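Structure first, then comments.
The values are calculated or read from the model by the stated rules, or taken from the named source; none is laboratory data. What you see is a predicted model, and the numbers here were worked out from it, not measured in a lab. With ideal geometry, Cβ positions are generated from the backbone for all residues, glycine too; neighbour counts draw on all protein chains shown. Protein only, heavy atoms only, side chains kept; ligands, DNA and RNA dropped before computing areas. Shrake-Rupley method; radii C 1.70, N 1.55, O 1.52, S 1.80 Å.
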Amino acid sequence: METLVRLTENAVPPLLFRRLLRRLGAVGTERLRQTYQTTFWYDFGPAANVVEDIILTLRPHIAGKRRVAGVEWWLSRMYPTDVRVDFHQDRDEKLALRTGELVHPRISSVLFLNRVRGGALVVTPELPDPANPSLAPTRLDTADLVTPRPNRLVVFDGTLTHGVLDADNQIPDGKLPGRSRQRRTLVMNWWGHRPTDIPAWADTRLYRALAR
């Protein structure tokens, strides 16, 4: 069966990757509860922070000759014992909420920053199913699973469904007992146009520890 994802190990040059880890450590718990709602737009202009440096570095590998207007990015920080993101398709979120129209990025990508117990990324052509825990598709035999590893990059079509398994690599269905290491990733969606009302990082006062 043809794979749905493209994997690259050691995707970011080591010095740049270590700089990202240091800066993310300095971000601490800032907006941890809103981590998935704190997204930024980058149009490939002069880089103002370490994430934008990484996007410029990865652009030839991820986008190639495909026309993209820019990247919507965010920091994903979660505990595999308490996964708080359902299976979903990436979309222009505010447009969808306002009008119901579904517009997807051209390319989705995730840069894993650390190892954790469980926490695999699931990518599947099947649609989310509201009847199941975490909206998981009923069929997962067509899915690709990607284990978190530092500096591992996964790239896939922006229309595909994806989600995160819990610390036991099972479909999340409530909080698990015990503690787990925080699962950290940098998520980058590559768009043909700018999604609705997504600010540039430089126009906000958020995550200033990421500055160059």
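For segment 67-102, filtering for residues that are in contact (Cβ under 8 Å) with a residue 60 or more places away in the chain and either more than 24 Å from Ala202 (Cβ to Cβ) or assigned to a strand (DSSP E or B) (or both) leaves 20. In summary, Asn151 fulfils each of the numbered conditions (1) open to solvent by less than 50 Å² (accessible area, probe 1.4 Å); (2) at pLDDT below 95 with the single exception of condition (2).
Residue by residue, here is whether (1) surrounded by fewer than 14 Cβ atoms within 10 Å (Cβ to Cβ); (2) not charged (D, E, K, R) holds:
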site: Gly100; (1), (2): yes, yes
site: Leu113; (1), (2): no, yes
site: Thr124; (1), (2): no, yes
site: Asn132; (1), (2): no, yes
site: Leu135; (1), (2): no, yes
site: Pro172; (1), (2): no, yes
site: Arg194; (1), (2): no, no
site: Ala209; (1), (2): no, yes
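Taking the conditions exactly as written (open to solvent by 60 Å² or more (accessible area, probe 1.4 Å), modelled with pLDDT of 95 or more, of a type in the set (Lys, Arg) and more than 21 Å from Thr196 (Cα to Cα)), does Arg91 satisfy them or not? It would help to see each step written out before you state the result.
Working: open to solvent by 60 Å² or more (accessible area, probe 1.4 Å): yes; modelled with pLDDT of 95 or more: yes; of a type in the set (Lys, Arg): yes; more than 21 Å from Thr196 (Cα to Cα): no.
No; evaluated as a whole, the condition is false for this residue.
Exactly one residue out of Leu186, Leu145, Leu140 is in a strand (DSSP E or B) and surrounded by fewer than 18 Cβ atoms within 10 Å (Cβ to Cβ): that is Leu145.
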